[in-house]
Amino acid sequence: SAVISQKPSRDICQRGTSLTIQCQVDSQVTMMFWYRQQPGQSLTLIATANQGSEATYESGFVIDKFPISRPNLTFSTLTVSNMSPEDSSIYLCSVTYPSETQYFGPGTRLLVL
Amino acid sequence: KQEVTQIPAALSVPEGENLVLNCSFTDSAIYNLQWFRQDPGKGLTSLLLIQSSQREQTSGRLNASLDKSSGRSTLYIAASQPGDSATYLCAVRRSRGSTLGRLYFGRGTQLTVWP
């Protein structure tokens with residue numbers, strides 16, 4: 001199984017600021033995924049991050065708001081830009097492993113005031 | 001678009017009961033289906049993965065079944081314990097027209113097992 005860590009685990013931010021979330025995987029993976037879970041809701045895919053190429057964003061998510069970096073095969077960052085209270089969510093990093101099982105990091109709990 | 005529904009939304013039972021959680025999906029062209037557990041404020045823990053060609057998977061007290069043609073899966077929990085209290089999420093991966101990692105999630109069943 002994959003071991004995924006995220007930093008920070010939680011944060012409280014002011015409106016209009018930006019937060020960068022880091023995701024580290026214990027082995028090399030081709031694709032990394034970023035999901036959002038808003039309060040009381042299920043998970044929604046934000047984007048897919050491949051190493052060496054631009055991230056692919058899902059409908060409703062744009063690069064200016066959620067820029068993603070993927071500098072190598074074990075690491076990715078997601079930035080939540082110009083935050084508003086509506087961005088308060090849990091942000092989860094995820095990978096698909098050889099068995100095609102999906103694994104998730106512990107999540108970053110964000111509260112925007 | 002694939003839609004995943006989980007019933008019931010919440011379930012509260014005494015310890016020792018056998019439980020069935022239900023998941024249905026609208027597009028039967030799935031690649032696999034995965035059940036997760038989520039504890040409050042935490043990430044997701046994978047419980048069971050069922051490939052589209054399989055009918056069921058078992059792990060300890062957990063048994064998941066899949067009926068792809070009818071768009072249904074069930075998660076059976078035997079002899080429930082207070083430690084089973086969590087939200088259980090069902091997710092499907094489609095077999096066509098989507099990125100490999102794109103999972104479609106239900107809203108979950110919030111399970112409480114009281115001693």
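The values are calculated or read from the model by the stated rules, or taken from the named source; none is laboratory data. Bear in mind that the values here come from a model prediction, so they are computed numbers and not experimental data. Every residue, glycine among them, receives a Cβ derived from its backbone with ideal geometry; neighbour counts consider all protein chains shown. Remember, those area values only see protein heavy atoms, side chains included, never the ligands or the DNA or RNA. Shrake-Rupley method; radii C 1.70, N 1.55, O 1.52, S 1.80 Å.
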Rounded to the nearest whole Å³, what is the per residue volume of the convex hull around the Cα atoms of the stretch B:11-97? 99
Pop out a list of residues from the stretch A:66-113 that are at least 40 Å² less accessible with all the protein chains around than in their chain alone; 1.4 Å probe, no ligands or nucleic acids counted. A:100, A:101, A:102, A:104
So, relative contact order of the stretch A:1-99 in percent, Cα under 8 Å, 6 or more apart, is 36
Here the net charge surrounding residue B:16, from other residues whose Cβ is less than 15 Å away from its Cβ (Lys, Arg +1; Asp, Glu -1), is -2
Mind checking which lysines have their C-alpha under 21 Å from residue B:42, skipping anything on the same chain fewer than 8 residues away? A:7
Counting only protein heavy atoms and using a 1.4 Å probe, what share of the accessible area of the stretch A:13-88 belongs to carbon plus sulfur, as a whole percent? 47
Can you give me the convex hull volume of the Cα atoms of the protein assembly as shown, divided per residue and expressed in Å³? 119
Can you quote the Å³ per residue value for the convex hull of the Cα atoms in the stretch A:1-99, rounded to an integer? 105
With θ set to phi - 60° and the Karplus curve 6.51 cos²θ - 1.76 cosθ + 1.60, what are the ³J(HN,Hα) couplings of the stretch B:9-26 in order, to the nearest whole Hz, using x for Gly and Pro? 6, 8, 8, 10, 9, x, 4, x, 6, 8, 10, 10, 9, 10, 9, 10, 9, 8
Take the Cα pairs of the stretch A:1-40, get the Kirkwood Rh, then feed it into Stokes-Einstein at 37 °C and 0.692 mPa s and tell me D in µm²/s. 261
What is chain B's relative contact order, in percent, from Cα pairs under 8 angstrom and six or more apart in sequence? 37
On complex formation of A with B, accessible surface lost, both sides summed, probe 1.4 Å, nearest 100 Å², amounts to 1700
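Can you tell me how much longer the chain between residue A:26 and residue A:12 gets when fully stretched, taken as 0.36 nm per residue apart minus their C-alpha distance, in nm with one decimal?
Contour length minus Cα-Cα distance gives 2.3 nm.
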Using the Karplus equation 6.51 cos²θ - 1.76 cosθ + 1.60 (θ = phi - 60°), what ³J(HN,Hα) coupling, rounded to whole Hz, does each residue of the stretch A:39-50 give in order, writing x for Gly and Pro? x, x, 10, 8, 7, 10, 6, 8, 6, 10, 10, 9
